[in-house]
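Below is one structure, written out as structure tokens, with a few remarks after it.
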Amino acid sequence: VKVENIRNFSIIAHVDHGKSTLADRLLEVTGAKKKNSGKNQVLDALEVEQERGITVKANAVSLLYKHEEETYLLNLIDTPGHVDFANEVCRSLSASGGVILLVDANHGVQAQTIANYHLAVGKNLKIVPVLNKIDLKHANPEQVEQDLFSLFDILPEDVLRVSAKLGIGIDSVFEHIIKKIPPPESCRDEAFRAHLFDSWYDKYRGALNLMFIKDGEVKLGQEIVSCESKKIYIVKSLSLLTPEEKNVKKLIAGQIGLIGMNMRNSKEAVIGDTYHLKGSPTEPLEVFKKLRPMIFAGIYPSEQSQHVALRGAIEKLVLNDSVVTFAPETSPALGHGFRLGFLGLLHLEVFVQRLQQEYQAEPIITAPSVTYKIKLKNMKNILKQHGGKEIISVSNPKFLPEPNHVEEYFEPTVLGTIITPSEYIGKIISLCIEKRGIQKSSINLDENRIMMTYQLPLSEVVVDFHDHIKSLSSGFASFDFEEKEYVSTNLVKLEILLNGVPVEELSNIVHARNAETFAKDLVGRLKELIPRQMVMIAIQGVVGGKVLARETIRAYRKDVTQWLYGGDVTRRMKLLKQQSEGKKKMRSIANVNVPRDTFIRVLKRF
Ligand code: GTP
């Protein structure tokens, strides 16, 4: 296929607007996937995605499409829709020439539609607007077209209407991809240059790198060099994803292919890196803005003997997710573990779920925290205690300095965009106020929908703000955010004591104003999460030695089967078995058995 007949594109959409379904239809039409093969959503390869129904990992597939006697190579690069994965969206867009902006004709433009649209426009990509789900009774394509016009100046006549589910209007999508999206600016006569935009670890083959071949060609056995590290690798395998892997002898400019090479250490694959042939160096294609993790949490093996295995599993998963940072950490109750940085809570949860499913790890996760900046009092002895710096970063409650060492606290904020039907506006505004938000703007999107922006502390949105908004609005409001500056704040360390023993792993950095409410809430929820045991358990929430909340869990009777008078032996056995299995999921902290997932569940209400 000629370079002029190549199109690289992505589909961007709000969660559930039908991206995977549309991708399936495009695959079916081009014969890459058989109709009703029973294997739905081919691109959502990972088990986690199937289970949660969200797309986590960017992936690519090459399709051949015949149109007016010409054969076109269409490289579809999959992108995830959720806020937590904006970096993945960004990296797939950098290999695309254009995007399909997919909007649900029933629910209309949502917060992530807007965020993704801006990402695409910022990268100068051509936009093909498509309304999906026009088969639905409540679909209102005219209204959504109006919104697209008022928000993005997209003309209604440029908008396609399809039903991905029923396969209506799919041909017009192909036509628009070919007509509107430009071919890559690739040159086959020039020296080989390729852009690494995704990478994952295969148990048997090591790191596999997904690359867009910008110029020239690459053959099996050739030596290629990373611009970033200057390391030299031998090309061991070349393949196209159709979506099944198809081995080829060479990859040429304009193609997107998978390159296997003798890369042993997962960290060597740098997303955004440029590769060239040994002996013909080139300029890097693009410099990536490195994304920083926003929340940090401790991850510990449930048994110390699994420490090495957990480390190996984390290292391999980090390759698939270059944003995650990790460092060793030790905790008095949990032993040796790691502190990992993530983009958000969902990101953390998906990571942990993958540890469990792909590596059979059963780790303990501690409460996530954002990174605070703390200006210390300018006194020699204080500065010395904290490494000599006047401003320090703290993302672990353990390292929060004594209040009398601190001059000023700063916390990160975000600019959140919320789109909601007007009927929920009251509840949503109350929530934003409760979360210390400051309203920045509010406009009527159309007759019954409002778009608001709020500056909010990051710590208030990372845990369950998104879910909270969803639940307040019966799922109709949407939320997205971008990072903003640090602002002055007032923080305290809320400690949790179990039978008088402080449990570092349960402590939190909280805003002083919220300390009491937070303490009561946390202690109350711990009471529900920690099962009754042989001894009485006192739970206290303490700030600076002052008890703000207290609950007691009464002692448990010894035999769980006592009340099952006589008779049913199997039922008794089952209960005893459940009890002993339950114990395995426990962790003894301060002589109290705490379920392993308590640390994170205690923070989540949804
Ligand atoms: P994420 O991967 O989480 O971003 O979601 P997605 O955008 O890929 O959405 P997905 O394709 O999984 O579709 C979400 C839901 O909408 C599924 O239940 C689909 O069956 C349904 N759906 C998709 N397209 C259509 C359509 O044209 N009509 C109708 N009625 N339902 C559709």
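The values are calculated or read from the model by the stated rules, or taken from the named source; none is laboratory data. Not measured: the values here are computed from a predicted model. Here Cβ is always computed from backbone atoms with ideal geometry, including for glycine, and neighbour counts include all displayed protein chains. Accessible surface areas use protein heavy atoms only, side chains included; no ligands, DNA or RNA. Shrake-Rupley method; radii C 1.70, N 1.55, O 1.52, S 1.80 Å.
Once you reduce the stretch 245-282 and the stretch 461-486 to the center of their Cα atoms, the two points are 38 Å from each other. Largest accessible area first, the listed residues Cys432, Cys227 line up as Cys227, Cys432 when surface is computed with a 1.4 Å probe on the assembled protein chains.
Split the accessible area of the stretch 317-386 by element, probe 1.4 Å, and carbon with sulfur accounts for 54%. Looking at the stretch 121-226, which chymotrypsin sites (Phe, Trp or Tyr not before Pro) are DSSP coil and have at most 10 other C-beta atoms within 10 Å of their C-beta? The qualifying sites are Tyr204.
Separation of the stretch 397-423 and the stretch 154-192, taken as the distance between their Cα centroids, equals 42 angstrom. For Val547, the accessible surface of its heavy atoms amounts to roughly 70 Å² (probe 1.4 Å, protein chains only, rounded to the nearest 10). Taking amide H as placed 1.01 Å from N in the peptide plane, Val248 has its amide H under 5 Å from the amide H of Leu238, Ser239, Leu240, each at least 5 places away in sequence or on another chain. Each Lys or Arg adds one and each Asp or Glu takes one away; over the other residues whose Cβ falls under 12 Å from the Cβ of Lys126, this sums to +3. Working note: Karplus 6.51/-1.76/1.60 with θ = phi - 60° gives the stretch 533-550 the couplings 10, 4, 10, 6, 10, 9, 10, 10, x, 10, 10, x, x, 9, 7, 9, 8, 8 Hz, where Gly and Pro are set to x.
Looking at the stretch 466-561, the trypsin sites (Lys or Arg not before Pro) that sit in a DSSP loop and have at most 11 other Cβ atoms within 10 Å of their own Cβ are Arg554, Arg557, Lys558.
Count the net charge of all other residues whose Cβ sits under 15 Å from the Cβ of Ser488, scoring Lys and Arg as +1 and Asp and Glu as -1. Each step should come with its number before you reach the end.
On the way: positive: Lys373, Lys375, Arg436, Lys484, Arg513; negative: Glu407, Glu408, Glu411, Glu485.
Neighbour charge sum, excluding Ser488 itself: +1.
Given the stretch 338-412, report the % of alpha carbon pairs whose separation exceeds 16 Å.
Working: 1601 of 2775 pairs.
The calculated P(r) of the stretch 338-412 puts 58 percent of pairs beyond 16 Å.
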